[in-house]
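Below is one structure; the comments refer to it alone.
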Amino acid sequence: MTKKKNGSAIQRRLIPTYIFLVIVSFISVFPFYWMISAATNTSVDVARGKIWFGTYALENFKALTAANDLWGSLGNSFFYAIVQTLLCLFICSLAGFGFELYHDKGKDKLFSVLLLAMMVPQVATMIPLFKMISSMKLLNTVWAFILPAISTPFMIMMFRQNSRNFPIDIMEAARLDGLNEFQIFFRMYLPVMKSTYAAAAVITFMNAWNAYLWPKVVMGQKASQTMPMLIANIAAGYTIDYGVLMMGVLFCSIPTMLVFFILQKQFTEGITGAVK
């Protein structure tokens, strides 16, 4: 009886906590719910603040595809984001691997300079980057999109920090077996650091997918536009169809949500520095 009373008392004390969590969860989920419901309503209903689902989803989708190159923009976003993610993971992980597992004073000083680059805002480097890309005749190409982001100080720092949990004994044993440094990287480091790769992939893919300012500068042709650029074009009209706009936002949001939900367990492990 005493245990039951104690359990009931604990549950009663947790009721305010549960209520608070329910309220916070509702506040967090509501914008996503409103985005979906707005995509199924007319522009007038959205402007009036209607939050219930409507029957205008098909019309909004037809209007979106009729006035905009939806599939082309989706394809561009997927291609740019995937290529940038793969290159960024390879280059940044190789740099983090070298910085952490091959220590010397010169590398530590270079890494300190690299960290200082994190304090420089993107806007300050945009004009020099544009001049470089323009002089290399890479405007309106995939390289103009991905080159400035295939190696970032944050990603290198993330891989370096998590590489501290990499067992050095594995490297020494691999060297005794005759493996060189690149073989150690591909055969030993990559499988052990897979959770870090998953976390870095989520962050890099989302950043690449949601990028707007830099692609807007270097991607002047309509055939090269990405999903954020398409949504910005819809929102820049004199008369905005909010139903069509929300349908575009929905299509833009689904890929990043899928990537996060698929890799959320590995993402958590990678952020906390877990090594398997």
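Annotation note: Cβ proximity below 8 Å between a residue of the range 90-111 that is of a type in the set (Val, Ile, Thr) and a residue that is surrounded by fewer than 16 Cβ atoms within 10 Å (Cβ to Cβ) and at pLDDT 75 or above (sequence gap 6+ or interchain) occurs for no pair. Looking only at residues in the range 151-209 that are part of a helix (DSSP H, G or I) and among the acidic types (Asp, Glu), the one that is nearest to Gly98 (Cα to Cα) is Glu181.
Residues in the range 35-59 that are part of a helix (DSSP H, G or I), at pLDDT 90 or above and of a type outside the set (A, V, I, L, M): Ser37, Glu59. Can you name the condition, by its number, that Gln266 falls short on among (1) within 19 Å of Asp69 (Cα to Cα); (2) crowded, with 19+ Cβ neighbours inside 10 Å? Of everything listed in (1) within 19 Å of Asp69 (Cα to Cα); (2) crowded, with 19+ Cβ neighbours inside 10 Å, Gln266 misses just condition (1). Of all residues in the range 166-202, those being over 29 Å from Leu258 (Cα atoms) and polar (S, T, N, Q) number 2. Among the residues of the range 176-191, are any of a type outside the set (A, V, I, L, M, F, W, C) and within 24 Å of the chain's Cα centre (by Cα)? Checked against the condition, which is being of a type outside the set (A, V, I, L, M, F, W, C) and within 24 Å of the chain's Cα centre (by Cα), the range 176-191 yields at least one hit.
Yes/no matrix, rows are residues, columns are (1) among the acidic types (Asp, Glu); (2) more than 14 Å from Ser77 (Cβ to Cβ); (3) surrounded by 20 or more Cβ atoms within 10 Å (Cβ to Cβ):
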| site | (1), (2), (3) |
| --- | --- |
| Tyr212 | no, no, no |
| Gln225 | no, no, yes |
| Ala232 | no, no, no |
| Ile254 | no, no, no |
| Phe261 | no, yes, no |
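Okay, residues lined up against (1) under 16 Å from Trp71 (Cβ atoms); (2) touching a strand residue (DSSP E or B) at 6+ places or on another chain (Cβ under 7 Å); (3) assigned to a loop (DSSP other than H, G, I, E, B):
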{"position": "Lys216", "(1), (2), (3)": "no, no, no"}
{"position": "Ala223", "(1), (2), (3)": "yes, no, no"}
{"position": "Leu230", "(1), (2), (3)": "yes, no, no"}
{"position": "Ile234", "(1), (2), (3)": "yes, no, no"}
{"position": "Gly237", "(1), (2), (3)": "no, no, yes"}
{"position": "Ile240", "(1), (2), (3)": "no, no, yes"}
{"position": "Gly243", "(1), (2), (3)": "no, no, no"}
{"position": "Met246", "(1), (2), (3)": "no, no, no"}
{"position": "Leu250", "(1), (2), (3)": "yes, no, no"}
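When Lys216 is tested against (1) at pLDDT below 85; (2) basic (Lys, Arg); (3) surrounded by 14 or more Cβ atoms within 10 Å (Cβ to Cβ), only condition (1) is not met.
Looking at Phe97, Phe79, which one is in the same structural domain as Glu172 (by TED's automatic domain parsing), closer than 16 Å to Asn162 by Cβ and either modelled with pLDDT of 90 or more or assigned to a helix (DSSP H, G or I) (or both)?
Working: Phe79 fails: closer than 16 Å to Asn162 by Cβ.
None of the other options fit; the residue is Phe97.
Cβ separations smaller than 7 Å between residues 6+ apart or across chains give the following pairs from the range 212-224 residues that are without any contact (Cβ under 8 Å) to a residue 60 or more places away in the chain and of a type in the set (Phe, Trp, Tyr) to residues that are surrounded by 18 or more Cβ atoms within 10 Å (Cβ to Cβ) and assigned to a helix (DSSP H, G or I): Tyr212/Pro228; Tyr212/Met229.
Checking the structure you have, find out if any residue of the range 125-138 is assigned to a helix (DSSP H, G or I), within 18 Å of Asn207 (Cβ to Cβ) and aliphatic (A, V, I, L, M).
Initial filter on the range 125-138 (assigned to a helix (DSSP H, G or I)): 125-135.
Of the ones still in play, those that are also within 18 Å of Asn207 (Cβ to Cβ) are 125-126, 129.
Next, only the ones that are aliphatic (A, V, I, L, M) stay: 126, 129.
Yes, the range 125-138 contains a residue that is assigned to a helix (DSSP H, G or I), within 18 Å of Asn207 (Cβ to Cβ) and aliphatic (A, V, I, L, M).
Tell me, please, whether a residue that is assigned to a helix (DSSP H, G or I), surrounded by fewer than 11 Cβ atoms within 10 Å (Cβ to Cβ) and modelled with pLDDT of 85 or more can be found in the range 107-124. Scanning the range 107-124 turns up no residue that is assigned to a helix (DSSP H, G or I), surrounded by fewer than 11 Cβ atoms within 10 Å (Cβ to Cβ) and modelled with pLDDT of 85 or more.
The values are calculated or read from the model by the stated rules, or taken from the named source; none is laboratory data. Predicted model only: the values in this text are computed from it and were never measured. Heads up, the Cβs are rebuilt from the backbone with ideal geometry, glycines too, and the neighbour counts pull from every protein chain shown.
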